[in-house]
Amino acid sequence: METKILRNISYGVYLVSSNDNDIDAGCVINTLTQITSEGPLVSISLNKENYTSEIIKKSRKFIVAIINEKINPNIISTFGFTSSKDTDKFKDYNYEVVDNIKVINEGTCGYLVCEVENIVDAKTHDIIIARVIDTKKYNDEVEMTYRYYHEVIKGRAPKKAPTYEEVEESKTTGKYKYVCDLCGYIIETDEELPADFVCPLCGADRTHFTKVD
Ligand SMILES: Cc1cc2nc3c(=O)[nH]c(=O)nc-3n(C[C@H](O)[C@H](O)[C@H](O)COP(=O)(O)O)c2cc1C
């Protein structure tokens, strides 16, 4: 089956976060959909191995912040390529706390507070259906689309995203080898990495690359 056409399905880019017993979790998703206006009901698709999924299943509550085009790409790298199990993803960014849940309020248009109604098993992922019980709009910035994320930010989707596609690893060889500390991408080059270098896999900036032997 040809899967190229799946690339033409359009999405937005979001930050979903939750808290259970003082444990924070959050990750990037592109799978928010409004299902009904009455309720209103929305759904998100979460990989079962994501820590955010574990926390949401316990707390039955989450907040989705709508990412805008002005977001610092490092926020997407942190929330989309590292796990809340190992890192405090919120510590370097501005957030507010709403009903005990941390919500990133820089580079986002606003948020939806959601209560879980139903969870549908979809093999590797869970489809979480939830009722929106509160909202807040921060500004009129343009919401980020998945196409913008790929074409302008040059970002990729990691293995656990439902829309993951294989990417070609760097085929270059050279005297210097650098590794991206966010997604593990390795690049070899004969030159030092320039200051404006951006990770082709996760979009992290040059500061996230460390020279290795
Ligand atoms: C652009 C983008 C879209 C993503 N979409 C989803 C998604 O819809 N569902 C999902 O489970 N993971 C998605 N991910 C992957 C998670 O954000 C990633 O696995 C994250 O590290 C999970 O963190 P956690 O363990 O703290 O929950 C996406 C990542 C990116 C960068």
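Worth a mention:
- Over the range 1-50, relative contact order from alpha-carbon pairs under 8 Å, at least 6 apart, %: 24
- To the nearest 10, the accessible area of residue 147 is 130 Å² with a 1.4 Å probe.
- Only alpha carbons enter this Debye calculation for the range 1-126, each as an equal point scatterer, and the log10 of I(q)/I(0) it gives at q = 0.12 Å⁻¹ is -0.44.
- Extension gain from residue 1 to residue 49, taking 0.36 nm per residue of separation minus the Cα-Cα distance: 14.6 nm
- Most mobile of 175, 89, 57 in a GNM of the chain (Cα contacts under 10 Å): 175
- Rg and Dmax of the chain, both derived from C-alpha coordinates alone, stand at 17.7, 60 Å.
- Residue by residue, the range 201-213 carries 3J(HN,Hα) couplings of 8, 10, x, 5, 7, 3, 5, 8, 9, 10, 6, 10, 8 Hz when phi is fed to the Karplus relation 6.51 cos²θ - 1.76 cosθ + 1.60 (θ = phi - 60°); x denotes Gly or Pro.
- Straight Cα distances below 24 angstrom link residue 137 to the lysines 61, 70, 89, 91, 102, with same-chain residues fewer than 8 positions distant left out.
- Distance (nanometres) between label positions extended 7 Å along Cα→Cβ at residue 132 and residue 36: 1.5
- Amide H contacts for residue 61 (H built 1.01 Å from N in the peptide plane; partners 5 or more residues away or on another chain; cut-off under 5 Å): 116.
- Fully extended contour minus Cα-Cα distance, from residue 115 to residue 60, at 0.36 nm per residue: 19.2 nm
- Checking every one of the chymotrypsin sites (Phe, Trp or Tyr not before Pro) in the range 147-213 against DSSP loop status and a limit of 15 other Cβ atoms within 10 Å picks out 164.
- Near residue 110, the amide H atoms lying under 5 Å from its own belong to 66, 138; only residues 5 or more places off or on other chains count, and H is placed 1.01 Å from N.
- Helix-derived mean residue ellipticity, 222 nm - over the chain, DSSP H n ≥ 4, -39500 (n - 2.57), to 500: -3000 deg cm²/dmol
The values are calculated or read from the model by the stated rules, or taken from the named source; none is laboratory data. Computed from a prediction, not measured in an experiment: that's the story for all the values here. Using ideal geometry, Cβ is built from the backbone for each residue, glycine included, and neighbour counts are taken over all protein chains shown. Just the protein is used for accessible areas: all its heavy atoms, side chains included, with ligands, DNA and RNA removed. Shrake-Rupley method; radii C 1.70, N 1.55, O 1.52, S 1.80 Å.
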